[in-house]
Structure formats: structure tokens, C-alpha cells
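*Asks:* Structure below; questions to follow.
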Amino acid sequence: MISAPRSRVGGGGLSGLLLVALPVLLLLWLVLWPVLQAFVGTLYFPGKGFSAASYVYFFSDAYSLRNLWLTLWVTALTSILRVAAAMPIALYLRFRTGSIAALVQSLALFPLFVPSVLVAYAFIRVLGPNGIVDTLLVAVHLPKLPSPYLQPAGPIIGLVWEGLPLTLLLLLSGLGRVSTASVEAARDLGAGGVTIFTRIILPRIQSSIIVALAFNVLGLFSAFTLPYLLGPASPEMMGPYMQRTFSDNADPLNATTQAVITFAFCAAFGLIYVRAIAKGRKGLR
Amino acid sequence: MAQVQLSGIAKTFGKVTALDAMDLTIDDGELVCLLGPSGSGKSTLLRIIGGFEMPSEGTIAIDGVDVTDLPPERRPTAMVFQSHALWSHMTVFGNIAFGLKLRHLPKAEIRERVEKVLDLVGLTGYGARLPSQLSGGQQQRVALARSLVVEPKILLLDEPFASLDQHLRERLREEVRDIQQRLGITAVFVTHGQDEALAISDRIVVLADGRMQQVGRPGEIYAEPKTAFVAGFIGAMNMLEGTLADGEITASGLKLPAEGSGPAKLAIRPEDIELAEPAEGRTVTVRRMIDFGAHVVIDGKLADGTHLRIQTDKAIRVSQGDQIGIRVESWTVFTEGDEPRRYRSDTVRSFRGARYA
């Protein structure tokens with residue numbers, strides 16, 4: 001009688017392993033193996049032995065460091081702006097119903113279906129030099145504004161708009177765990193909007209915010225299209241920098257080194273994401 | 001302690017009327033139950049009193065002060081929610097102290113008042129625990145303590161025990177009644193459980209389809225229902241479709257003396273039927289017998305197959321298919337547009353004027 005459940009558990013474990021086997025194998029083949037290859041390829045040179053010269057070069061080259069620094073702060077600022085922009089919309093959608101809420105949701109999720117190239121084109125047409133904004137300002141005899149096109153603000157604006165839907169969906173899933181009754185209970189005891197947000201809602205969606213930030217950082221750190229089309233040529237973000245080092249400079253070793261460094265930063269944020277997920281699950285128990 | 005006065009309260013959601021012109025006064029220190037089936041408007045009425053919904057029409061006054069347009073945080077009310085609505089990231093102490101901290105009370109006073117209310121709800125020493133470390137009943141006590149600690153004038157309870165098992169529900173409702181009476185606080189309690197309403201209320205407001213069907217003391221509502229809905233909703237009731245003619249009502253072959261003419265509803269409580277020798281128009285065929293220990297319920301069928309429940313002595317034993325005679329001790333006849341008429345025993349002693357003590 002005891003062996004039967006044991007065999008069922010064993011069978012369940014095996015079928016579970018089989019279910020995850022394919023994605024795990026793909027992960028090993030398409031992600032971890034190339035990473036390992038790149039890592040080893042930048043440190044070990046057949047016939048010459050080990051050398052960390054490409055890493056020493058990256059961390060001693062002022063231009064590379066400026067690129068890394070630009071990437072870091074564009075990533076940080078864009079991630080924070082995405083969460084800050086998505087939060088009021090998420091709160092509105094969580095606690096309001098009706099046709100206006102449905103319209104707001106449709107508009108907020110719209111960027112999800114727009115390719116990056118079109119976002120960049122629209123940005124240039126609207127905010128670029130002699131774009132719609134400039135045309136309107138000139139029409140009312142006002143001076144043109146400095147365009148964010150090819151400035152660090154350019155990719156930030158584009159990336160915030162592009163990533164808003166995913167951030168919104170992640171925050172909405174977190175807010176789904178905050179019951180209307182728990183908010184009403186706080187109101188009933190005299191709490192105002194700010195107190196309810198900081199004392200009741202925010203602690204309950206902490207893990208969702210961390211997940212949203214981690215997801216954003218992972219995507220933004222290696223973003224290419226919008227930084228390439230809207231960002232400055234110098235310094236440049238890691239995505240365009242890697243591409244230019246590889247293609248224009250024909251320097252695969254330094255491009256791979258940049259990729260490994262980018263991966264290391266992303267892996268660190270990935271770890272934060274995994275920890276947040278684990279904490280969130282623990283909190284749900 | 002306070003009085004609540006509802007005047008012409010109505011609420012519509014789009015084209016749907018949730019509440020229709022209600023007038024009700026809840027006296028100081030009274031516990032009033034809002035009782036009705038799902039969709040009757042009882043929770044909407046409670047939420048209007050609490051300020052979570054704005055009435056489409058009418059006014060609410062607490063102690064003579066119009067609070068109709070005030071939000072929940074500015075009303076002297078506190079609500080206990082069905083889902084407990086405890087904040088899982090705060091300890092029991094944190095949950096209860098939340099309202100006091102918002103009032104910027106000194107720390108020592110907050111601690112003293114929280115400990116006092118924890119003692120009141122029987123949770124002394126539980127302050128450091130998280131809600132997830134408590135049972136369902138303990139969580140509901142914390143929710144009650146959180147509402148009581150801010151000393152509201154009116155305590156609102158929205159089906160607070162709906163998620164608890166029967167035994168715990170019975171115990172907690174007694175405790176809530178006891179606390180309410182000790183504090184002398186005015187309370188409005190929403191429930192769809194008639195037992196709960198009958199057990200703890202000073203008065204019951206029976207609601208159906210957004211309308212008040214009857215307001216009265218529990219015994220009065222049970223014994224003298226004003227509408228066929230109330231008669232069928234409160235307690236067990238045999239409700240038979242019948243016809244009034246020639247000084248009697250005929251329903252499913254059962255004939256009982258009654259005044260009037262035309263279609264009518266005959267309402268008989270199972271405990272108002274006694275067993276007797278089988279006779280013409282007084283015979284029931286036993287379908288099954290249910291032994292509740294303290295009493296026996298016989299599920300029988302009348303001549304046309306209509307079910308009739310009879311509650312009788314625990315010593316009675318009958319079998320399926322047995323023919324048993326019945327004698328009806330009291331019954332009520334409901335006719336469209338008229339006041340209900342009540343009768344006692346086969347001797348037709350109308351007691352319409354009598355009032356239940």
C-alpha cells in the first residue's frame with residue numbers, strides 16, 4: 001500500500017522532468033553554451049594561453065566606460081520612468097471599471113503591437129528637427145525647442161513608450177492581489193489616498209515592482225533598435241556599441257567581451273528577479 | 001452609541017434599481033439585521049450607510065447629522081468585511097493600531113487600546129502574529145477588533161461569518177452579540193442566514209428585490225410574516241397554491257377554513273402540523289422520515305403529490321408509504337393585495353388582531 005503512492009510520485013517526477021527537458025536543453029544549447037563559449041573565447045587563446053587583456057582594455061578605456069555608464073543610467077532612468085508612468089494607469093485600471101477604463105487600457109497596451117522601427121519613425125516625425133512639434137511652434141511664432149533626437153533623452157522617451165504595456169501588465173497582476181475590501185477597510189479607518197498607496201498597496205505589490213524593474217533592466221540593457229536610431233553616436237549604449245565594434249571595427253574579440261560584460265550585468269538583475277519571484281511565492285503561502 | 005435615520009434611500013446602477021425608496025430608523029444601541037437573498041440589496045444598503053456607495057436619492061443621518069455626502073473616512077462608522085480584509089503584511093497589532101495611528105494618538109495609548117480590544121475579542125497575546133498565522137475565526141475577530149478600537153458610533157458587519165463553518169459561526173455570532181451589548185454600540189449586520197438573523201437581532205429588516213418586505217422583532221417576523229416572501233424566507237414553511245371559496249381554502253387536496261375568494265397562498269409551518277387519525281382531506285403519504293435527534297421531520301406528499309413537511313415529536317416513527325392523518329394548528333392565507341389572514345386550529349379561531357409577544 002505504501003509502494004503504490006511512492007511509484008506514482010516517482011512517475012510524476014519523471015514526467016515533470018520530461019516536460020521541462022526540452023526548454024532546459026534549448027536553454028543550454030542556445031543560451032548557456034554560447035555564453036560559455038564567449039566567456040572562454042575572451043579569456044583563453046589556443047597556443048597563447050589565458051589572457052584577460054580584452055577585459056583590462058574595456059575597463060581602462062574611457063570611451064567603453066562612458067558607454068557602459070550611459071547604458072547604466074539610461075537603463076535605470078527608463079526603468080524607473082516606466083514604473084512611474086505605468087503605476088497611476090495600473091491603479092486606475094485596477095479600481096475603476098467602465099468604458100473609459102476600457103479605453104485607457106486599450107491606449108496603454110497599444111505600444112505592445114507597434115514595432116520599434118515604427119516607434120522611432122513616429123518619434124522623429126513628431127519630436128525630431130522640423131517635426132510636428134517644431135512645425136506647430138513655428139506656426140504660432142514661437143521658437144523651436146531643442147529636439148531630444150540623437151540625445152540621451154531620445155532613446156529614453158522611445159523606450160519608455162515602447163515598454164509601458166509590459167510594465168503595466170506586470171503591475172496590474174500585482175494589484176490583482178490587493179483586494180478592494182482591504183483598500184476600503186483602510187479608507188473606513190480614515191486613511192487618505194496617499195496613505196492607502198504607501199501603507200496598504202505598495203507593500204503588497206513590492207515583488208511585482210521588483211519583477212517589473214528587473215524585466216525592464218534585462219530588456220533595456222541590451223536594447224538596440226531605439227538607442228541605435230534615436231540615441232547619440234557618442235557615447236553610445238552597449239547594444240549599438242557591440243554592433244559597431246563587431247561590424248564596423250571588425251573586432252569580434254572586443255565585441256564578445258562587451259557582450260560578456262553586458263550578460264554579467266543582466267545576469268545580476270536576473271538574480272534579483274528570481275529572488276523576487278521566490279519571495280513573492282513565499283508571501284502568497 | 002448613535003441613531004441612524006435613512007429617509008427615502010434609493011440606489012440605481014444604470015437601469016437596474018438596487019434599492020427602492022427605503023425609510024428606516026435604527027435606534028441607539030440596537031442591533032439590526034439586514035436579511036435577504038442574494039441580490040436583495042442588503043449589502044448595497046450597508047455600503048450606503050458606510051459611505052462606500054452614494055445613494056441615488058434620499059438622505060442618511062447619524063445622530064441627526066446629515067452624512068449623505070460624506071466619504072467613509074469622515075463618517076462615525078466602521079465596517080467589518082466578509083473577507084476579513086486584513087492586511088497580510090502587518091501583524092495583528094499593526095492591523096488594529098492602523099486606525100489609531102492615523103489619528104496620531106500617543107504610542108502608549110495606542111498600545112493600551114489595542115491590548116484592551118484584543119482582550120475584548122479573546123485574542124490576548126496574539127499581537128505579534130501575522131494574519132496568515134491565524135485561523136479563519138481568529139482573523140475575523142481581528143477584523144472586529146480593528147473596527148471596534150476606533151470606537152465608532154455605528155458598527156457595520158457585512159456577512160462577517162459567511163466564510164466560516166457552522167459551529168464557529170454560531171459561537172462568533174454569540175460573541176459579537178455579547179460584545180455589542182456590553183459596549184452598547186449601534187450595529188447593522190448583513191446576513192443571508194435566517195438563523196443568524198433570528199439569533200442575534202433586536203430587529204430584522206427583510207429585503208427582497210431592493211424593497212423592504214418587513215421590519216420587526218425576530219419572533220414577530222417568524223410568527224406574523226406580512227408577505228408570502230417573508231413567510232417562505234424566514235424559517236421552514238409549507239407554501240401551497242390554493243383557492244378560497246365557500247369559507248375555506250383548498251390547496252393540494254387539503255381543506256382548511258378561511259375567509260375570502262379567489263386564488264391564494266396557504267402557508268403552514270412544519271411545527272404547526274400535528275399527527276392525527278387519517279381523514280378526508282387530512283391524509284398525507286410518508287415519503288421519508290428525517291431524524292434530527294431533538295425532533296423528527298416527516299417529508300410527506302398530499303393527494304396531488306405536493307410535498308408537505310411535518311415537524312413532530314422525536315419519539316414518532318413512520319415508514320415510507322405510511323398513510324398518516326394530520327391536524328393543522330395554525331396557518332396563514334396570503335391573497336394578492338390584501339393583508340395576510342392568520343387562523344389557529346381547525347376550529348377557525350382567527351387571531352388576526354393578536355400580536356406576538
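*Asks:* Given A:VAL178, A:VAL183, which one is within 14 Å of chain B (Cβ to nearest Cβ), assigned to a loop (DSSP other than H, G, I, E, B) and either modelled with pLDDT of 90 or more or more than 30 Å from A:LEU72 (Cβ to Cβ) (or both)? Give the derivation first.
*Replies:* Working: A:VAL183 fails: assigned to a loop (DSSP other than H, G, I, E, B).
Just one listed residue meets the conditions, A:VAL178.
*Asks:* If I ask for residues that are surrounded by fewer than 13 Cβ atoms within 10 Å (Cβ to Cβ) and among the hydroxyl-bearing types (Ser, Thr, Tyr), which ones from the stretch A:94-146 would you list?
*Replies:* A:THR97, A:SER99, A:SER106, A:THR135
*Asks:* Of the residues that make up the stretch B:47-68, is at least one within 23 Å of B:PHE161 (Cβ to Cβ), away from chain A (no Cβ under 12 Å) and touching a strand residue (DSSP E or B) at 6+ places or on another chain (Cβ under 9 Å)?
*Replies:* yes
*Asks:* Could you list, in sequence order, all residues of the stretch A:233-272 that are of a type outside the set (Phe, Trp, Tyr), free of Cβ contacts under 8 Å to residues at least 12 places away in the same chain and touching a helix residue (DSSP H, G or I) at 6+ places or on another chain (Cβ under 7 Å)? Talk me through it step by step, then tell me what you get.
*Replies:* Taking the stretch A:233-272 first, the residues of a type outside the set (Phe, Trp, Tyr) are A:233-240, A:242-245, A:247-262, A:264, A:266-268, A:270-272.
Those still in the list that are free of Cβ contacts under 8 Å to residues at least 12 places away in the same chain too: A:244, A:247-252, A:264, A:267-268, A:271.
A:ASP251, A:PRO252 - these are the residues of the stretch A:233-272 that are of a type outside the set (Phe, Trp, Tyr), free of Cβ contacts under 8 Å to residues at least 12 places away in the same chain and touching a helix residue (DSSP H, G or I) at 6+ places or on another chain (Cβ under 7 Å).
*Asks:* Next up: Among the residues of the stretch A:192-208, what is the count of those that are more than 10 Å from every other protein chain (Cβ to nearest Cβ) and not in a helix (DSSP H, G or I)?
*Replies:* Qualifying residue count for the region: 1.
*Asks:* Let me ask something additional. Would you list the helices (runs of 4 or more DSSP H) that sit entirely within the stretch A:1-120 and hold 2 or more residues that are over 29 Å from the mean Cα position of the chain (by Cα)?
*Replies:* Values: elements: A:3-27, A:33-43, A:53-60, A:62-95, A:99-109.
Counting at least 2 such residues, we get A:3-27.
*Asks:* Taking the stretch B:105-146 as the search range and keeping residues that are of a type in the set (D, E, K, R) and within 17 Å of A:ALA185 (Cβ to Cβ), which one is modelled with the highest pLDDT? Before you say what the answer is, go through the steps one by one.
*Replies:* Our first condition is that a residue be of a type in the set (D, E, K, R); within the stretch B:105-146, this holds for B:107, B:109, B:111-113, B:115-116, B:119, B:129, B:141, B:146.
With within 17 Å of A:ALA185 (Cβ to Cβ) added as a condition, the list becomes B:141, B:146.
Details: B:ARG141: 92, B:ARG146: 95.
For the stretch B:105-146, the residue satisfying everything is B:ARG146.
*Asks:* Something else now. Got a sec? Which strands (runs of 3 or more DSSP E) wholly within the stretch B:288-348 have at least 3 residues that are polar (S, T, N, Q) and in contact (Cβ under 8 Å) with a residue 40 or more places away in the chain? Even if it seems obvious, please write down each step before you answer.
*Replies:* Details: elements: B:296-301, B:307-312, B:323-328, B:330-334, B:341-344.
Passing ranges: none, list empty.
*Asks:* For the stretch B:74-88, give me each residue that is in contact with a helix residue (DSSP H, G or I) (Cβ under 6 Å, 6 or more places away or on another chain), outside any loop (DSSP other than H, G, I, E, B) and either surrounded by fewer than 17 Cβ atoms within 10 Å (Cβ to Cβ) or more than 7 Å from every other protein chain (Cβ to nearest Cβ) (or both).
*Replies:* B:THR77, B:VAL80
*Asks:* Quick one: would you say A:VAL160 is out of contact with any Gly (no Cβ under 9 Å at 6 or more places or on another chain) and within 14 Å of chain B (Cβ to nearest Cβ)? Step through it out loud before you land on a result.
*Replies:* Numbers: out of contact with any Gly (no Cβ under 9 Å at 6 or more places or on another chain): yes; within 14 Å of chain B (Cβ to nearest Cβ): no.
Taking the combined requirement at face value, the residue does not satisfy it.
*Asks:* Next question, about the same structure. Does A:LEU166 fit the bill of being at pLDDT 90 or above and surrounded by fewer than 19 Cβ atoms within 10 Å (Cβ to Cβ)? First the steps, then the outcome.
*Replies:* Numbers: at pLDDT 90 or above: yes; surrounded by fewer than 19 Cβ atoms within 10 Å (Cβ to Cβ): yes.
Judged against the criteria, A:LEU166 is a match.
The values are calculated or read from the model by the stated rules, or taken from the named source; none is laboratory data. These numbers were taken from a predicted model, which means no experiment stands behind them. Reconstructed Cβ throughout: ideal geometry from the backbone, glycine too, with neighbour counts over all protein chains shown.
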